[in-house]
Each structure stands twice: as structure tokens, then as C-alpha cells.
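Asker: I am attaching a structure below and will ask some questions about it afterwards.
The values are calculated or read from the model by the stated rules, or taken from the named source; none is laboratory data. Here the structure is a predicted model, which is why all the values come from computation and not from measurement. Cβ sites come from the backbone with ideal geometry, for glycine too, and all protein chains shown count toward neighbours. Please note that ligands, DNA and RNA were not included when accessible areas were found on the heavy atoms of the full protein model with its side chains. Shrake-Rupley method; radii C 1.70, N 1.55, O 1.52, S 1.80 Å.
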Amino acid sequence: MNSPMLLAVLVNNSPVESVAKTFGVNWSHLSAQVISFSIVCAILYRFAYRPILKMLDERRNQIAQGLSDSEAIRAELARTEAQRHEVLLRAHEQARSLIEEAREAAARLREEEIQKTHAASEQILSHARELAGREHEHMLAELKQEVGGLVVKTTAAVAHKVLTSEDQRRLIEEATRHLAA
């Protein structure tokens, strides 16, 4: 049913008409106001309410997106923090390993230097002993010659005779044999 027919039925109905007259209802004004109100409602719905609903829906979506983004950021931050912690642990382990290797290398180097120093000192001692042995033998040879010369001079002085070079050689050899023994 359309609204003019409904109005006609309502107007012809006597109890409604009596109540309407009691309250002073003018049906033509009421229908005009209903139509005006419906037009205003339609315009407000179309140009105000729908854009506001659309804006609220967009805002709701933005908030939901922001919340999901913040959750993703929190998850990414937690993952990044875990990676950072892992990297720090690896770096700490590598540093500890490098320090241990450096200590081992230092100990090895110290041991090598000690061995080199011992070898050098042994070489110096050996060389010194060799030099001392040569010097000792050289001194003994000089001593034998001097003693041999003294024996010859002493023998010549005691014997009062001049010894030949052959006699001197023979006496020096005998004195040398006695000194060596």
C-alpha cells in the first residue's frame, strides 16, 4: 500500500480522526513534514552519514592495520634482538678463542725463545771452551818451548860447554816428554 491510501484509510477511520482532531493534527502538514524529514534523512544519510561511516570504517581499518603492524614490528624486534644476542655470543666466543690462541702463541713463542737462548748460550759456552782449550794448548806449547830453552841454557851453564843445535833439539824433546808425562 502506498502512503496516500494509508492516509485516506486513517483519515476516514473515526477513532483515529477524533484523536487527531483532539491533538490538532493536520494531515497535509504531517505528510509534508514526513516527506521533508525523509528527504533530509536521505540527504544526510547520503552526504553525511555514509561518509562518516566510511571514514570510521577507514579509521577502524587503519587502527587494525596499525595494531597488526605493531605486532609485526614487535615480532621483528624480538627476532632482531635474538639475532643481536646470538651475534654477541658468537663474537664473545670468537674473542675468547682469539685470546686463548694468543696466549698459546705467546707461550709457544716464549718457549721457542727460551730454547733459542739456551742453544745460543750452549754455542757460546762451547765456543768459549774451544777457545780456552786452544789457548791452553798454545800456552802449554809456549811453556814447553820456554822450559826446553831453560833446560838447554841450564844444561849448558852446568856443563860449561856449548851445545850444538842437535844436542839442543834432543834435550828439548826429552824435557817435553818428561813434562807431558
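Asker: Identify, please: which residue in segment 43-91 is under 47 Å from the mean Cα position of the chain (by Cα) and β-branched (Val, Ile, Thr) and is, among those, least open to solvent (accessible area, probe 1.4 Å)?
Answerer: THR80
Asker: Another question about this same structure. Is it the case that ALA119 is in contact with a Gly (Cβ under 6 Å, 6 or more places away or on another chain) and surrounded by 10 or more Cβ atoms within 10 Å (Cβ to Cβ)? Steps first, answer last, please.
Answerer: Numbers: in contact with a Gly (Cβ under 6 Å, 6 or more places away or on another chain): no; surrounded by 10 or more Cβ atoms within 10 Å (Cβ to Cβ): yes.
No: the conditions fail for ALA119.
Asker: Oh, and also: Residues VAL34, VAL25: which one is surrounded by 10 or more Cβ atoms within 10 Å (Cβ to Cβ) and not in a helix (DSSP H, G or I)? Steps first, please.
Answerer: On the way: VAL34 fails: not in a helix (DSSP H, G or I).
Within the list VAL34, VAL25, the selection yields VAL25.
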